[in-house]
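The block underneath contains the structure these notes are about, expressed in C-alpha cells.
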Amino acid sequence: MTAHAPEPTPVVPPMPERNPKALRAAIAQHTPQLLPDFDDHWKWAVADAYDISTVPAFMARWWGEYAIARDPKLDAHMADLHHRAAEATDLAEAKALLEEASHLRYEAQRLEPGL
C-alpha cells in the first residue's frame, strides 16, 4: 500500500487595497463566481444611481463577501452554519449558529489590506 501525500493547503490570497477597483480585480482573480453579482450591485447601487455616497456601504458588503469567499475553509464553514441554522428545530440553536456566522462576517469585514 502506498501512502498518499496530503492535499496541499490552499493559500488564502491577501486582501487587496481597500478601493472598488482593487477589490473587483481581486474578486475577478480569486473568486470569479462573485463577479457577476459584484458588477450588478455596482451598476445598480453606484453607477446607475449616480451616487458615490453609496460606495462605503457597497465596499463594506463586498469586502466581507470577498474575505469569506477567498478562504475555502471559512466559506464552507459559513455555508455549514447557515445550513444548520436553517435545519435547526431548536430556536436557541438556530440563533447561536446565526450569531456565530454574524460574528465571522463582522470579523471578515474588519480585515485590513494585505491580510
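Readers should treat all values here as calculations from the given coordinates under stated rules, not as data from a laboratory. Only a predicted model underlies this, so the values are computations on that prediction, with no experimental measurement involved. Neighbour counts run over all protein chains shown; Cβ positions are idealised from the backbone, glycine included.
Met59 falls short of the stated requirement of being in contact with a helix residue (DSSP H, G or I) (Cβ under 8 Å, 6 or more places away or on another chain), within 21 Å of Ala101 (Cα to Cα) and part of a loop (DSSP other than H, G, I, E, B). Anything in region 53-99 that is small (Gly, Ala, Ser) and either in contact with a Phe, Trp or Tyr (Cβ under 8 Å, 6 or more places away or on another chain) or under 30 Å from Arg24 (Cα atoms) (or both)? List them, or say none. Answer for region 53-99, where residues must be small (Gly, Ala, Ser) and either in contact with a Phe, Trp or Tyr (Cβ under 8 Å, 6 or more places away or on another chain) or under 30 Å from Arg24 (Cα atoms) (or both): Ser53, Ala57, Ala60, Gly64, Ala67, Ala69, Ala76, Ala79.
Checked against the criterion of being more than 17 Å from Gln109 (Cα to Cα), of a type outside the set (Val, Ile, Thr) and over 15 Å from the mean Cα position of the chain (by Cα), the candidates Ala49, Ala25 yield just one match: Ala49.
Conditions tested, residue by residue: (1) free of Cβ contacts under 8 Å to residues at least 60 places away in the same chain; (2) loosely packed, with under 13 Cβ neighbours inside 10 Å; (3) more than 19 Å from Val11 (Cα to Cα).
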residue	(1), (2), (3)
Phe38	yes, no, yes
Ala57	yes, yes, yes
Gly64	yes, no, no
Ala86	yes, yes, yes
